[in-house]
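The structure under discussion appears below in the form of structure tokens.
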Amino acid sequence: MNDLVRKIAVVQGVPSAQVQRLFGTLVERWRPTSRLAGVIAEDHGLADRACSAGFLRSLGDGERFPIFQDLGAGAGACHLAGDGVVAAAGAVCRDIAGGCDLVVLSKFGKLEAEGGGLRDAFGAAIEAEIPVLTSVSPKFATAWESFAAPLFVVVPGDVDGIDAWWQAVRSAKQGGRAPEAQSVLRSLSLQVP
């Protein structure tokens with residue numbers, strides 16, 4: 001497999017909120033020319049909470065899935081509402097079955113490492129051979145590698161690097177070589193498992 005056109009791109013080393021903003025920017029850039037499925041995380045916007053997880057927003061229809069169990073102001077713990085994440089995964093799986101060019105999944109985290117969360121959506125995209133853009137915290141890198149190696153490449157946490165990956169994948173799928181995008185990817189010293 002050509003490392004430069006691996007179908008799964010993982011952003012690492014960038015804070016989660018920044019990754020979600022990057023994904024949002026790229027979704028808006030790609031939406032006019034690509035059929036997108038997936039979810040991006042949104043903050044709940046509540047003050048004095050230890051956890052910023054709030055919602056997963058569907059790229060298909062904009063539906064917001066609550067993923068935060070509010071433990072109240074000043075609570076020191078963060079508790080994800082797993083049922084909201086599972087509902088979001090189900091919606092993504094339906095969107096994948098309906099046809100798409102790219103799946104953007106907010107992250108592979110604790111729930112996915114334990115076999116739940118968005119894991120079914122990851123699996124559906126991989127099985128359908130649809131490219132995936134996601135993020136993985138270093139804390140869950142071992143679980144991610146067990147799940148997805150050698151199918152992924154680590155891309156830099158910036159718009160140009162991620163966009164170069166997507167352009168190379170699109171070009172390869174269409175039988176082209178995307179020399180400009182591949183040149184950019186080489187210059188970024190991508191990490192592959």
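Quick notes on this one:
- Within the same chain, lysines fewer than 8 places from residue 139 are excluded, and of the rest, those with a Cα less than 17 Å from its Cα are 107, 110.
- Rounded to whole Hz, the Karplus (6.51, -1.76, 1.60) HN-Hα couplings of region 84-99, x for glycine and proline: x, 5, 5, 4, 5, 4, x, 5, 5, 4, 5, 5, 4, 4, x, x
- Remark on residue 8: its backbone amide H falls under 5 Å from those of 132, 153, a criterion applied only to residues 5 or more positions apart or on other chains, H modelled at 1.01 Å from N.
- Placing dummy labels 7 Å off each Cα toward the beta-carbon, the span from residue 146 to residue 128 is 2.7 nm.
- Candidate aspartates and glutamates - alpha carbon under 13 Å from residue 173, same-chain residues fewer than 8 apart omitted: 101, 129
- Pairwise centroid distance, computed over Cα atoms, of region 141-176 with region 99-116, Å: 14
We did not get these values from a lab; they are worked out from the coordinates using the rules stated. Since the model is a prediction, treat every value here as computed from it, not as a measurement. Reconstructed Cβ throughout: ideal geometry from the backbone, glycine too, with neighbour counts over all protein chains shown.
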